[in-house]
Amino acid sequence: MKCLRIAACLLTVFIASPVLAAVATLNFNAASPGTLNDSTGQGTGFTDRIPGSGSAIPANDPNLTLDTANGRLIVGSTRSDFANVGFGRNLAGMEAPGLFLNGIGSGDFKVQARFNDLHVDQASDQIGIFVGTSVDNVIRGGVFEDIPDGGYQTSFVFSQNGSDGAPTNGVLANFQPGQDGVFEFGRIGGVWQFSWQNLSNPISSGSFATFTVPGLDSLNDLYVGIFNHDARNFTPQNAYLDYFTVRTGVDVPEPSSVVLFGLGAVALLLAARRRRVTR
């Protein structure tokens with residue numbers, strides 16, 4: 001069994017020290033003492049920042065608001081970027097909280113998050129999920145600003161030492177402002193997949209499957225989490241995180257069920273379209 005440092009498993013709140021769990025879900029219905037604090041000192045449930053990020057963020061994080069009444073975490077964006085393009089990376093101010101998977105090695109896992117009322121309207125805005133060992137070795141996926149094509153694009157991209165590169169892929173204009181979405185990375189049997197569900201318009205859901213990430217597969221420990229970044233602008237927006245879930249071990253589905261939400265045909269149709277990561 002892999003060791004996962006979490007603050008909540010399903011609906012039960014745990015202490016922030018390492019615990020063994022096959023499923024961990026942060027649902028933000030209550031504060032989780034001993035975890036990363038929001039702006040008022042309430043524990044958010046996230047236990048770690050991906051190494052290399054957030055060194056200038058105060059202990060009571062002004063960008064995080066735990067909204068227990070509505071069961072969500074409001075994440076304010078920061079002018080930062082995993083990639084060293086445009087305005088620079090601003091790693092000290094980067095908002096990328098997460099959980100630590102200790103000893104996951106080459107084991108199977110799935111990471112999933114739901115965001116409501118999505119807005120990435122300014123140049124290279126991006127909201128989503130990540131898996132990595134540090135800001136210099138990380139894969140991220142979610143929605144990226146792409147308004148000229150009629151909506152937001154869904155993309156994933158691997159970044160090493162501030163440079164985005166393969167594996168990468170995406171679909172243009174499949175989210176509209178204000179829509180809700182679920183995003184997921186999974187690795188089963190050494191093969192990765194990135195999937196998404198547009199909850200507001202299910203026909204725009206889909207996945208990219210059967211790719212590899214050699215830069216992460218040989219490493220024993222991983223960080224998984226969420227991000228909200230303004231890569232090329234200084235206009236902030238909020239991300240409304242409804243839940244964040246990590247599955248390991250026996251709770252990871254078999255490879256035959258990797259394609260998310262049974263929309264394999266839709267995924268193939270969308271994957272055939274032109275893609276571009278807006279940078």
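The values are calculated or read from the model by the stated rules, or taken from the named source; none is laboratory data. Everything numeric here is computed off the predicted structure, so don't read it as measured data. Cβ sites come from the backbone with ideal geometry, for glycine too, and all protein chains shown count toward neighbours.
Confirm whether Gly41 is closer than 27 Å to Thr133 by Cβ and either among the small types (Gly, Ala, Ser) or assigned to a loop (DSSP other than H, G, I, E, B) (or both).
Numbers: closer than 27 Å to Thr133 by Cβ: no; either among the small types (Gly, Ala, Ser) or assigned to a loop (DSSP other than H, G, I, E, B) (or both): yes.
So Gly41 does not fit the description; no.
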Checklist entry - Restricting attention to the range 87-124, which residues are modelled with pLDDT of 95 or more, surrounded by fewer than 21 Cβ atoms within 10 Å (Cβ to Cβ) and over 21 Å from Leu64 (Cβ atoms)? => result none
Checklist entry - So Asn84 clears everything in (1) outside any loop (DSSP other than H, G, I, E, B); (2) surrounded by fewer than 18 Cβ atoms within 10 Å (Cβ to Cβ); (3) modelled with pLDDT under 95 except one condition, right? Which one? => result (1)
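Return a yes/no flag: does the range 85-94 have any residue that is in contact with a helix residue (DSSP H, G or I) (Cβ under 7 Å, 6 or more places away or on another chain), in contact (Cβ under 8 Å) with a residue 12 or more places away in the chain and not β-branched (Val, Ile, Thr). Can you show your working first?
Residues of the range 85-94 in contact with a helix residue (DSSP H, G or I) (Cβ under 7 Å, 6 or more places away or on another chain): none.
No, every residue in the range 85-94 fails to be in contact with a helix residue (DSSP H, G or I) (Cβ under 7 Å, 6 or more places away or on another chain), in contact (Cβ under 8 Å) with a residue 12 or more places away in the chain and not β-branched (Val, Ile, Thr).
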Next on the checklist: Residues that are within 22 Å of Ser32 (Cβ to Cβ) and either surrounded by 16 or more Cβ atoms within 10 Å (Cβ to Cβ) or β-branched (Val, Ile, Thr) (or both): does the range 135-149 have at least one?
Outcome noted: no
Checklist entry - So which residues in the range 187-209 are in contact with a Pro (Cβ under 8 Å, 6 or more places away or on another chain) and outside any loop (DSSP other than H, G, I, E, B), if there are any at all? => result Ile188, Val191, Trp192
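Considering each of Val213, Val182, Val224 in turn, give the residue that is more than 14 Å from the chain's Cα centre (by Cα), closer than 22 Å to Ile127 by Cβ and modelled with pLDDT of 95 or more.
Details: Val182 fails: more than 14 Å from the chain's Cα centre (by Cα); Val224 fails: more than 14 Å from the chain's Cα centre (by Cα).
Just one listed residue meets the conditions, Val213.
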Checklist entry - If you check Ser159 against the conditions, is it of a type in the set (Ser, Thr, Tyr) and either modelled with pLDDT under 95 or closer than 15 Å to Gln112 by Cα (or both)? => result no
Next on the checklist: When you check Thr78 against the structure, is it more than 17 Å from Phe183 (Cβ to Cβ), touching a Ser or Thr at 6+ places or on another chain (Cβ under 8 Å) and crowded, with 18+ Cβ neighbours inside 10 Å, yes or no?
Outcome noted: no
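I'm trying to understand the selection: among the residues of the range 210-234, which are in a strand (DSSP E or B) and surrounded by fewer than 20 Cβ atoms within 10 Å (Cβ to Cβ)? Steps first, please.
First, the residues of the range 210-234 that are in a strand (DSSP E or B): 210-211, 222-230.
Listed by number, the residues that qualify are Thr210, Phe211.
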Checklist entry - Out of the range 185-202, which residues are buried (at least 23 other Cβ atoms within 10 Å of the Cβ) and under 14 Å from the mean Cα position of the chain (by Cα)? => result Phe185, Gly186, Phe194, Ser195, Trp196
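Could you please let me know if Thr44 is modelled with pLDDT of 95 or more, touching a Leu at 6+ places or on another chain (Cβ under 8 Å) and closer than 16 Å to Asn228 by Cβ?
Details: modelled with pLDDT of 95 or more: yes; touching a Leu at 6+ places or on another chain (Cβ under 8 Å): yes; closer than 16 Å to Asn228 by Cβ: yes.
When the stated conditions are applied, Thr44 passes them.
Would you check which residues across the range 162-184 are more than 21 Å from Asp117 (Cα to Cα) and either part of a strand (DSSP E or B) or without any contact (Cβ under 8 Å) to a residue 24 or more places away in the chain (or both) and list them?
Quick first cut of the range 162-184, residues more than 21 Å from Asp117 (Cα to Cα) only: 162-169.
Result: Ser163, Asp164, Gly165, Ala166, Pro167, Thr168, Asn169.
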Checklist outcome for this item: Matching residues in the range 88-138 (within 26 Å of Ala173 (Cβ to Cβ), in a strand (DSSP E or B) and among the polar types (S, T, N, Q)) number 3
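Based on this model, can you work out whether Ile15 counts as out of contact with any strand residue (DSSP E or B) (no Cβ under 7 Å at 6 or more places or on another chain), of a type in the set (Val, Ile, Thr) and modelled with pLDDT of 95 or more?
So Ile15 fails the test.
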